[in-house]
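Readers should treat all values here as calculations from the given coordinates under stated rules, not as data from a laboratory. Here the structure is a predicted model, which is why all the values come from computation and not from measurement. Here Cβ is always computed from backbone atoms with ideal geometry, including for glycine, and neighbour counts include all displayed protein chains.
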Amino acid sequence: MAETRSTCPYCGVGCGVIIESEGAQISGVRGDPDHPANFGRLCTKGSTLHLTATPEVLQTRRLLTPQWRPQRGGAMQPLGWSDATARIADKLDAIRAEHGPDAIAFYISGQLLTEDYHAFNKLARGLVGTNNIDSNSRLCMSSAVVGYKQSLGADAPPCSYEDLNHADCVFITGANPAWAHPVLFRRLEDARAARPDMKLVVVDPRRTESAEFADLHLQIAPGTDVALCLGMLHACIWEEWLDRDFIAAHTEGFAALKDLVRGMPPREAARICGIALDDLMQAAQWFARSPATLSLYCQGLNQSSSGTAKNTALINLHLATGQIGRAGAGPFSLTGQPNAMGGREAGGMATLLPGHRDPGSAAHRDEIARLWGVPALPETPGKTAVELFEAAARGEIKALWIACTNPAQSMPDQALVRRALERCELVILQEAFADTATAAYADLLLPAATWGEKEGTVTNSERRISRVRAAVPPPGQARPDWQIVCDVAQQLEARWRPGQPSLFAHTGSEALWLEHREATRGRDLDISGLSYALLDAQGPQQWPFPEGATKGTARLYQDGHFATANGRARFIAKPYQPAADKPDARYPLVLNTGRMRDQWHGMSRSGVVGRLFSHEGTPALRMSPQDLPRRGLSDGDLVRVRSRRGELVLPLLADEGIKPAQAYVAMHWGQEFVSGRSAQGQALLGINAATQSAYCPDSKQPELKFSSVSVERLELP
Ligand code: SF4
């Protein structure tokens, strides 16, 4: 039996795993005791990873050969790799010639490795000549990116997991780490056991498993986070709980924020949030007066039409109370996906360039063009996820290349997404798992290698870069994602840059990583001192790790110097705005979505493991028991959930953790489990038939967690 050290491919905690294999078969997995993210622990998902690679799964659930669909609506047919890449190159060439480079778009994934991101980005921007490259990370953390940049000057979470051991107050808001980041939550439980005086505040519209563990649960009305933070800041000003020395020495913009906060006294904030004034005051006091306060936050802040305002409102609190740049203190955004951070570093999104550069800056575009050896990068702004599918639905995007994600399940407003996929002339889906909802819309299916089969790196929530290693070869004809990209790119180079040396002649993932590394040199995330060899010898490392450094950086801004032009952090004064999809008499309930403990995203991977359904095996709409009698409903009814976009049919479950006038459904349930239809009567599948695509104006992140709905008993014939 062989053992290979690698990283879990599920969540952003980024746990180290040891893969056990016999020949070409993965036979087991256990936590890596030496990995600094988990020290040997794994959650239910991580500890069953080997069951996603059994011979049966490989034969029945994996995509093993390239396939193409000669006719829309017809069956797929296998074809060889050289035919597949030539067919793609011919079609992309024709589309670019007729419609221009912006008729081509790429929709990729926070589950790709950094090397894959680099290859896709270079293909889109450096060769095709479009900024139309975005990622499903748009759905989970783009508000955190913009929040950090606006407030602190760079997209850099300043904290480490180790800060849990130093925090006196942990403020969890818009996150349920007990289920979504389980190994990190175990670290919090340990830290709390060691420091019994630690205060834990959880802000969540639902009484989650994380909230059950808290000293104080602020069960705010959905979407009212900004009002809460403004009210808490008002309390801090009124009670003189500010760190005025820190504000004077290290920040700017406090006067404008103070003016805004004047209009949100704690009593008014508590009224908007639907919580007790005393609870708001207690939370403000613990946040400000504890020696060190660490906040942990995720989709509850990010997936919102005011996602950036929610992020900056929380960071304002940290700056005003000096709770940043010290052990145990700081605003710590948790990433959902295993390599959302790596995608940000590689600039694999419409609004980013490699090395935390800005595609709107001519100087930044020139720097990357020089590094890649191309004449120039495109200027026209790229389309973000929702914009991209909207443009495709209008017929402006002709070719869409999707990798390692399932937008026909995971994007909001499925009626729009499916119209978009149908309207594209060419849909390429590069995937490890066959039969995702998106595969039904693909003209070409490209089999990708996945966890346990490919080499590269990922970065977790605490800026820690870990190696991902292949324990076995990919099954069938599956190939690493970066290699598929490079193969097609070389076909395109033969058409577009004949006779010139190839920019994509990489023979391994390390060559791509070295190019990526060069793009970080001298930037805030500088990793010029890292190498595969160093990661192999010394284990995972946190950035920045510039050339000459002997170790990574656990904590940022300890000297009070921030990444803004003048070194001062900025207070951002954004008012509270209600969510976009207003409840009314027809749609009186607010539908929230979130994660289950044992499933991952659209279940492409976790759904192949039978035992992961033992915790929750069927979808359900959860509502407050108080709401049921007055709406003529009973626990166990089959109900129709209607939004302005579509409707779903689900069993109803009474849940004491949900407040009246709200409803909740887990985000994972797709076409196998939930039937529905669009407002126009088109059959739609999965819970995102009902969700909405309104997005934050700054981050373009859609508001998946707030949809106005009605719920009625389904009368069976
Ligand atoms: Fe994997 Fe996240 Fe579980 Fe760790 S906590 S084992 S990274 S799913």
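What to note about this one:
- Computed about the Cα centre, the dipole magnitude for the chain is approximately 880 debye when only Lys and Arg (+1) and Asp and Glu (-1) carry charge, each at its Cβ.
- Computed from point charges on the beta carbon alone (+1 for Lys and Arg, -1 for Asp and Glu), the dipole magnitude for region 142-333 about its Cα centre is near 240 Debye.
- Segments 235-242, 394-401, 278-285 sorted - mean Cβ within 10 Å per residue, highest first: 394-401, 278-285, 235-242
- Burial ordering of F254, F171, F562, fewest other beta-carbon atoms within 10 Å first: F254, F562, F171
- Counted by Cβ distance under 13 Å from A191, the other residues give a net charge of -1, where Lys and Arg count +1 and Asp and Glu count -1.
- Near T7, the amide H atoms lying under 5 Å from its own belong to V17, R469; only residues 5 or more places off or on other chains count, and H is placed 1.01 Å from N.
- Residues E98, E367 in ascending order of nearby Cβ atoms (within 10 Å, fewest first): E98, E367.
- Distant-in-sequence amide H partners of V639 (H built 1.01 Å from N, under 5 Å): L650, L652, L714
- Taking only the C-alpha atoms of region 2-60, the Rg (one decimal) and the largest Cα-Cα distance, Dmax (whole number), read 11.4, 36 Å.
- Amide H contacts for A694 (H built 1.01 Å from N in the peptide plane; partners 5 or more residues away or on another chain; cut-off under 5 Å): E703.
- Note that region 677-694 has calculated 3J(HN,Hα) couplings of 7, 7, 4, 8, x, 5, 5, 10, 10, x, 5, 7, 4, 9, 7, 10, 10, 4 Hz, one per residue in order, obtained from phi through the Karplus relation 6.51 cos²θ - 1.76 cosθ + 1.60 (θ = phi - 60°); glycine and proline are x.
- For the chain, relative contact order (Cα pairs under 8 Å, six or more residues apart, normalised by length) works out to 19 percent.
- Karplus-derived 3J(HN,Hα) values for region 292-300, using 6.51 cos²θ - 1.76 cosθ + 1.60 with θ = phi - 60°, are 8, 10, 10, 9, 10, 8, 8, 5, x Hz; glycine and proline are entered as x.
- For the chain, the Kirkwood hydrodynamic radius comes to 25.7 Å, computed from all pairs of different C-alpha atoms.
- The Cβ shell under 13 Å around H35 holds other residues with a net charge of +4, Lys and Arg each +1, Asp and Glu each -1.
- Taking 20 Å as the cut-off, the amide N atoms of region 399-443 that come nearer than this to a point 7 Å along the Cα-to-beta-carbon line of R586 belong to 413-416.
- Region 134-201 versus region 1-40: alpha-carbon centroid distance in Å: 23 Å
- Per-peptide average of other Cβ atoms within 10 Å, ordering 610-621, 494-505 highest first: 610-621, 494-505
- Fully extending the segment from R644 to D83 would add 197.6 nm, taking 0.36 nm per residue of separation and subtracting the current Cα-Cα distance.
- Relative contact order %, region 2-60, counting alpha carbon pairs below 8 Å whose residues are six or more apart: 27 percent
- Rg over Rh [alpha-carbon atoms, Kirkwood Rh] for region 398-548: 1.02
- Span-like helix check, the chain: qualifying full DSSP H segments, with Cα axial length of 24 Å or more and mean Kyte-Doolittle of -1.0 or more, are 81-99.
- Taking each of K582/K659; K310/K659; K258/K659; K551/K700; K659/K705; K383/K551 in turn, the alpha-carbon distance tops 26 angstrom for K258/K659; K551/K700; K383/K551.
- Backbone HN-Hα couplings from phi across region 425-433 [Karplus 6.51/-1.76/1.60, Hz, Gly and Pro as x]: 6, 9, 10, 9, 10, 9, 8, 8, 9
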